[in-house]
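First comes the structure, then the notes that go with it.
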Amino acid sequence: MNIGLIAVDSKYPNLALMKISAYHKAQGDLVEWYTPFQHYDVVYMAKVFTFTPDYDMIITNADHIERGGTGYDITKTLPARIDRLQPDYDLYNVDKNLAYGFLTRGCPNHCKWCIVPKKEGDVRPYMDIEEVAAGRRKVILMDNNILASDYGISQIEKIVRLKIKVDFNQAIDARLVTDEVAGLLAKVSWIRYIRFGCDTPGQIGEVEKAIALINKHGYTHNYFLYCILLNDFAESFARVNHWRNYLNGKVTVFAQPYREFTRKTTIPLWQQDLAHWANQRQLFNTCEFRDFRPRKGFICRQYFEL
């Protein structure tokens, strides 16, 4: 069989496509990125986001097209025989020492800007770190709330014992960082930094508390904060701006404009400008937002005057 793959809206390594590729290669099938110049028995299309454009070409050279991913259907999952396979990392030329995966799935929180609880339900065990790593020494983990289950915490303990370097790239919930958990996180070998979410005013204090606890246990590296930008400019600005030069610049902020899951919406200019300013670290640390000129004839202090 000839198998074609399409990553519709993301260049980031797609775990589902890598596992599909591994499954078909194990069957002796030819697997490649889709091209209109080849005939395929099956084309698999993966779409991550609901708000991004669909694939803009009509596919006429395939006997069957299989569409999956949150962007198409939040209820669709991989068959178990494929889901538990080791991914085909060669598909993306991933470093031989790097793995991707999940230890847990789901999240008990029900934040209005997050689709995970609706898609995956409450947090539950999924895979073991040794199963995900498969001998590789660095692992990108995409868990949505690793600290929300005893299983997740036990997996972090195992990560420490095995001395595997990790990055929980979807962030850790600062509200769940106790002194005991902070001591554990301080022992982890992080690929880059510890990531938290800071999506509400109340989370500012929780993140500060978590940082203080982890630093108390000897952690000396940086932190990364995801900050959703909601409808209130003053609140969003204050929450993002709070971290300017915090701990002498050891906190990196990433501002994310809010997106509707069910329909395409226009991002307000203030969200675009605030994200542009916050997500360029040099700009964020050296220029006040009110002095930022994102385009000719406009200075951001006008937002404070409205």
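Which number in (1) in contact with a Ser or Thr (Cβ under 9 Å, 6 or more places away or on another chain); (2) farther than 30 Å from GLN203 by Cβ marks the one condition that VAL43 misses?
(1)
Between residues in the stretch 68-84 that are in a loop (DSSP other than H, G, I, E, B) and residues that are surrounded by fewer than 16 Cβ atoms within 10 Å (Cβ to Cβ), which pairs lie under 6 Å by C-beta distance while being six or more apart or on different chains?
That search, which allows pairs on different chains as well, returns GLY71/PHE49.
Can you name the residue in the stretch 85-105 that is outside any loop (DSSP other than H, G, I, E, B) and more than 17 Å from the chain's Cα centre (by Cα) and is also surrounded by the most Cβ atoms within 10 Å (Cβ to Cβ) among such residues?
Here the answer is LEU91.
Scanning for something of a type in the set (D, E, K, R), within 23 Å of TRP113 (Cβ to Cβ) and part of a loop (DSSP other than H, G, I, E, B), does the stretch 174-197 turn up at least one residue?
No, the conditions are met nowhere in the stretch 174-197.
Only one residue in ALA275, ALA212 is surrounded by fewer than 15 Cβ atoms within 10 Å (Cβ to Cβ) and out of contact with any helix residue (DSSP H, G or I) (no Cβ under 8 Å at 6 or more places or on another chain), so which one is that?
ALA212 is the lone residue from the list that is surrounded by fewer than 15 Cβ atoms within 10 Å (Cβ to Cβ) and out of contact with any helix residue (DSSP H, G or I) (no Cβ under 8 Å at 6 or more places or on another chain).
Give the residue that is farthest from the chain's Cα centre (by Cα), with candidates limited to residues of the stretch 200-226 that are hydrophobic (A, V, I, L, M, F, W, C) and either over 18 Å from ASP179 (Cβ atoms) or outside any helix (DSSP H, G or I) (or both).
ILE204
Which of (1) crowded, with 17+ Cβ neighbours inside 10 Å; (2) part of a loop (DSSP other than H, G, I, E, B) is the odd one out, the single condition LYS264 does not satisfy?
The one condition LYS264 does not meet is (1).
How many of the residues making up the stretch 243-266 are more than 17 Å from ASP199 (Cα to Cα) and under 20 Å from the mean Cα position of the chain (by Cα)?
Summing the residues that are more than 17 Å from ASP199 (Cα to Cα) and under 20 Å from the mean Cα position of the chain (by Cα) in the stretch 243-266 gives 2.
So, in the stretch 289-306, how many residues would count as being outside any loop (DSSP other than H, G, I, E, B) and either surrounded by 14 or more Cβ atoms within 10 Å (Cβ to Cβ) or touching a Phe, Trp or Tyr at 6+ places or on another chain (Cβ under 8 Å) (or both)?
Number satisfying all stated conditions: 3.
At pLDDT 95 or above, under 30 Å from ASP150 (Cβ atoms) and either of a type in the set (Val, Ile, Thr) or within 20 Å of the chain's Cα centre (by Cα) (or both): is that true of PRO108 in this structure?
no
Quick one: which of PRO125, PRO117 is under 25 Å from ILE172 (Cα atoms) and at pLDDT 95 or above?
Step by step, each of PRO125, PRO117 is checked, and only PRO125 is under 25 Å from ILE172 (Cα atoms) and at pLDDT 95 or above.
Please go through the stretch 106-118 and give me each residue that is part of a helix (DSSP H, G or I) and within 19 Å of LEU176 (Cα to Cα), ordered by number.
Across the stretch 106-118, the qualifying residues are VAL116, PRO117.
Here are LYS112, LYS96: which of them is outside the structural domain of HIS24 (by TED's automatic domain parsing) and over 17 Å from GLN170 (Cα atoms)?
LYS96
The values are calculated or read from the model by the stated rules, or taken from the named source; none is laboratory data. The structure presented is a predicted model; accordingly, all values stated were derived computationally and were not measured. Every residue, glycine among them, receives a Cβ derived from its backbone with ideal geometry; neighbour counts consider all protein chains shown.
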